[in-house]
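This report concerns only the one structure given below.
The values are calculated or read from the model by the stated rules, or taken from the named source; none is laboratory data. Keep in mind that what you see is a predicted model, and the values were worked out from it rather than measured. Reconstructed Cβ throughout: ideal geometry from the backbone, glycine too, with neighbour counts over all protein chains shown. Surface areas here come from the heavy atoms of the whole protein model, side chains and all, with no ligands, DNA or RNA. Shrake-Rupley method; radii C 1.70, N 1.55, O 1.52, S 1.80 Å.
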Amino acid sequence: MKERAQLEAPIEKLYGEEFSHYTKEQQEFIKDHLQTIGSITQRYLRYPYGAGELGMEGVNVVEFDLLPNGDIERLRLLDSSGYTLLDKNSLETIRKAYKDYPRPHQKTTIRIYVNYRIIR
């Protein structure tokens, strides 16, 4: 139960009041799978060539609709990391990773953080 409570804070921050307008099924899918979708995305994520050497790091927010057949629509950046190179890389990463995401029973808008951290 503690894990579920920890996840609700990021959901509230990502979706805000809009979350209450989602169907119960969409809300449950997001609560049950948002962390998994984020983890899958991070597994596919590769630092863009040269970005680490230039000290580029940050977090962006990406949004897309995940469809029951596993496809995605309306992929877009909601909040920039401050670096175009990282932002474009996040969108490209989603285009590769989405095939491994769990599938909802109905079209569901997904919002995730994509993190870039230089390990020193």
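Table for the structure above
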| read-out | value |
| --- | --- |
| Strands (runs of 3 or more DSSP E) wholly inside the range 6-120 that include at least 3 residues being open to solvent by less than 20 Å² (accessible area, probe 1.4 Å) | 58-66, 108-116 |
| Meets criteria (closer than 22 Å to ARG117 by Cα and in contact (Cβ under 8 Å) with a residue 12 or more places away in the chain) for GLU92 | no |
